[in-house]
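The values are calculated or read from the model by the stated rules, or taken from the named source; none is laboratory data. Quick caveat: nothing in here was measured; it's all calculated off a predicted structure. Positions of Cβ are backbone-derived with ideal geometry, glycine not excepted, and every protein chain shown enters the neighbour counts. These accessible areas exclude ligands, DNA and RNA; they are computed on the full protein's heavy atoms, side chains included. Shrake-Rupley method; radii C 1.70, N 1.55, O 1.52, S 1.80 Å.
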Amino acid sequence: MSRAIIVHRASPGVSVQDMGRPGNLTFGLSRGGAADRIALREGAALLGQDAGLAAIEMPAAGGIFEFTAQTRIALTGARMRASLEGTRLAWGASHLVPMGAALTIGPAETGFYGYLSVGGGVDTPEVLGARGTHFAAGLGGALMAGDRLPLGEDPGTRTNMCLAPEQRFGGGTLRFVASAQTALFGAEELARFEATVFHRDIRANRMGSRFVPDGDGFGAASGLSIVSEVIVPGDIQVTGDGTPFVLLAECGTTGGYPRIGSVLPCDLATVAQAPAGATLRFKFVTLDEAMEIETRHARTLDARLAAPVPLVRDPRSMRDLLGYEFISGVTDGRTFPDGG
Amino acid sequence: MARAQIRTAGFDGFLVTFGDALSEPANRAALAFRAAVEDAGWPEVEETSTSLVSAYLRFDPFQTAHAELQGRLDALLDSRDWRAAPLPANRRLWRVPTCFNGDHAPQLDQAAHAAGLSRDDAVASLSAARVRVNTIGFAPGMPYLGELPEAWDIPRLKQLSANVPAGARCVAIGGAEAEAIA
């Protein structure tokens, strides 16, 4: 029988996510997929598998999960309090979970979206070419207690690996380029925007995050009378009350509020992961600078993902120590398994 | 707007805009220009779409520099009069039964007032206008229909409406309306 995850409890908004559905903008369907794509890639790197495989995204808190067979998992993204049958598990690492054990993932300690990746990936049926839940489009839905998610074949065996952590969970500076309506705001308003400190509002979801300025809101010359236009993840949309929203994976495909700029793709995980109250600022960069920043980011990320290192564990704290196979095979010294 | 405008949209996109407000020629130009970009089959172009008055494309800037793609878009723009483009073929006329009563139309009075019409005149005006799907967007499958008579050029709401039910008929900016049918 194929392996599965049994969901015993799921926090609100926990869902299956992957890299989304590019290519459907013309039907009004945004790409969607994981809010923090870097975390999905980290999970895949830890398990040595394709980053396109689906995982479980957990906003603010996780849940209780059980596996119907021994399963490799990786925990990435926002650090959450995770334990296996009462033993704390390292975050940003891969682990082997025995059949029937209770994996408990509690609230986020830093950041917002945690990810549970599994060896072989979550193998729910594809809809429009992907498995990721798109809440706004009604594709899939939040996971509920009692759900049973099939898992794909897992040819991998490596566990207890970890990756060097990255700082993207506590706000920071978001680099942005000009977008279609930046000029409508004028140089003075743009300078004030860059000089302003923002706090991530409690209003944030997979469509976008609201950022409350310390001080006055922002406005474009033509205010609320611009024609609806294409919007893309990263766009900084300024609503009528002058507060910016940064659009994320599940944003709409067109919108009518003016946009002061567009956050670089490499900083979108920082937007998604900023917890409520986190301090953020915006920094304007030219397209050439953006190209350099994106190139450097891609290179650094590739290098980091290529080099998972063994997780150092203290044998005294390993309750599952005797579950390990210390001898992987026996021969009589004359014959070998390959017949040589 | 004399000539179309080419702007970046996000880090990895271009927007080619044919008007400041919705108009029949601008919308036709956007549809035709997007079709031409699709036909060109440029390998770095990953996706295209249209809005009311623009064609949009997303591309891989690591494969082709912004300036080079912009140059190609410039050349394509100059290759013909896009605003004179005919409408796409295979169009159909649909009649959509619509209820304007009570709870089905919670903001009708507000919208009619903004348009300077009585409730009855507003309903008559919305029911008599023959509109065309200008683009699909915002939400999956949601058509933007246009154009309505000039009176419907009313300002946008200051706050986002948290939830608009499927099937709702909404009036948006510039006399275009959106039909939430997702």
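Do the sum for chain A: with -39,500 (n - 2.57) for every DSSP H run of n ≥ 4, divided by all residues, what is the mean residue ellipticity at 222 nm, to the nearest 500 deg cm²/dmol? Mind dumping the intermediate values first?
Values: 4 runs with 50 residues, N = 340.
It lands at -4500 deg cm²/dmol.
Using a simple charge model, +1 on the beta-carbon of Lys and Arg, -1 on the beta-carbon of Asp and Glu, nothing else, what dipole does the stretch B:1-107 show about its Cα centre, in debye to the nearest 20? Walk me through the intermediate numbers first.
Details: 11 positive and 14 negative charges, 111 e Å.
Using Cβ point charges on Lys, Arg, Asp and Glu, the stretch B:1-107 gives about 540 debye.
With θ set to phi - 60°, apply the Karplus curve 6.51 cos²θ - 1.76 cosθ + 1.60 along the stretch A:116-123 and write out the HN-Hα couplings as whole Hz, x wherever there is a Gly or Pro.
These are the phi-based 3J(HN,Hα) values: 10, 9, 10, x, x, x, 6, 10 Hz.
Angle, helix A:37-47 long axis vs. longest principal axis of chain A, Cα atoms, 0 to 90°, nearest 10?
Taking the Cα atoms of chain A, the angle to A:37-47 is about 10 degrees.
Over the residues of the stretch A:1-80, compute the C-alpha Rg and express it relative to 2.2 N^0.38 Å.
Details: Rg = 13.8 Å, N = 80, 2.2 N^0.38 = 11.6 Å.
Compared with the compact-globule rule of thumb, the stretch A:1-80 sits at 1.19.
Using protein heavy atoms only (no ligands, DNA or RNA), what is the total accessible area buried between B and A, 1.4 Å probe, nearest 100 Å²? Mind dumping the intermediate values first?
Values: alone 11240 and 16040 Å², together 24090 Å².
That pair hides around 3200 Å² of surface in total.
Over the stretch A:108-162, with a single point scatterer placed on each C-alpha, what log10 of the ratio I(q)/I(0) does the Debye formula yield at q = 0.16, 0.26 1/Å?
These q points yield log10 I(q)/I(0) values of -0.71, -1.20.
Report the Cα-based extents of the stretch A:148-281 along its three principal axes, largest first, to the nearest Å.
Projected onto the principal axes, the Cα atoms of the stretch A:148-281 cover 59, 28, 25 Å.
With point charges of +1 on the Cβ of Lys and Arg and -1 on the Cβ of Asp and Glu, referenced to the Cα centre of the protein assembly as shown, which listed residue (A:221, A:68, B:17) lies farthest in the positive direction of the dipole?
About the Cα centre, the residue reaching furthest to the positive side is A:68.
Using a cut-off of 12 Å between beta-carbons, work out the net charge of the residues near residue A:175 (Lys and Arg +1, Asp and Glu -1, residue A:175 not included). Display every interim value, and only then the final one.
Numbers: positive: A:281, A:283, A:296; negative: A:194, A:267, A:289, A:292, A:294.
Around residue A:175, the charge tally is -2.
Return one whole number: the accessible area per residue of the stretch A:45-106 in Å², for a 1.4 Å probe.
Numbers: 1900 Å² over 62 residues.
Result: 31 Å² per residue.
Obtain the radius of gyration and the Kirkwood radius of the protein assembly as shown from its C-alpha atoms and give Rg over Rh. Each step should come with its number before you reach the end.
Values: Rg = 25.8 Å, Rh = 25.1 Å.
Rg/Rh: 1.03.
Near the amide H of residue A:52, under 5 Å away, which other amide H atoms are found, from residues 5 or more places off or on another chain, if H is placed in the peptide plane?
Amide H neighbours of residue A:52: none.
May I ask for the net charge around residue B:58, where only other residues with Cβ less than 9 Å from the Cβ of residue B:58 are counted and Lys, Arg are +1 while Asp, Glu are -1? Don't jump to the answer; show the numbers that get you there.
Working: positive: none; negative: B:12, B:46, B:47, B:60.
Combined, the nearby Lys, Arg, Asp and Glu give -4.
Could you point to the residue in A:14, B:125, A:240 farthest towards the positive end of the protein assembly as shown's charge dipole, with +1 and -1 charges on the Cβ of Lys/Arg and Asp/Glu respectively?
It is A:14.
How big is the stretch B:5-84 on each of its three principal axes, counting only the C-alpha atoms and giving the largest first in Å?
Principal axes ranked by extent give 36, 23, 18 Å for the Cα atoms.
With +1 on each Lys and Arg Cβ and -1 on each Asp and Glu Cβ, how big is the dipole of chain B about its Cα centre, in debye rounded to the nearest 20?
Details: 17 positive and 22 negative charges, 78 e Å.
Taking the Cα centre of chain B as origin, the dipole is about 380 debye.
Could you tell me which residue out of B:93, A:149, B:107 lies farthest along the dipole of the protein assembly as shown toward its positive end? Charges go on the beta carbon: Lys and Arg +1, Asp and Glu -1, centred on the Cα centre.
A:149
Report the charge-dipole magnitude of the protein assembly as shown in Debye, nearest 20, computed about the Cα centre from +1 at each Lys and Arg Cβ and -1 at each Asp and Glu Cβ.
Value, rounded to 20: 660 debye.
Mind checking the log10 I(q)/I(0) for the stretch B:1-155 at q = 0.12, 0.14, 0.19, 0.21 Å⁻¹? Debye, one equal scatterer per Cα, no solvent, two decimals.
Calculated log10 I(q)/I(0) at the listed q: -0.63, -0.79, -1.16, -1.33.
Take chain A, mark every one of the GluC sites (Glu not before Pro) that falls in a DSSP loop and has at most 11 other Cβ within 10 Å, then report the longest stretch left between them, sites excluded.
Details: sites that count: A:153, A:325.
The longest such stretch corresponds to A:154-324.
Name the long-range amide H neighbours of residue A:81: under 5 Å, sequence gap of 5 or more, or other chain; modelled H, no Pro or chain starts.
Distant-sequence amide H within range of residue A:81: A:106, A:109.
Once ligands and nucleic acids are excluded and a 1.4 Å probe is used, how much of residue A:207 is accessible, expressed in Å² to the nearest 10?
Here the residue's solvent-accessible area equals roughly 80 Å².
To the nearest 10 degrees, how steeply does helix A:287-305 sit against the main Cα axis of chain A, on a 0 to 90 scale?
Helix A:287-305 sits at roughly 10 degrees to that axis.
By what distance, in whole Å, do the Cα atoms of the stretch A:68-110 stretch along each of the three principal axes, largest value first?
Extents along the principal axes: 30, 17, 14 Å.
What are the residues whose amide H is under 5 Å from the amide H of residue A:139, where those residues sit 5 or more places off or on another chain and H is modelled from the backbone?
Result for residue A:139 returns A:134.
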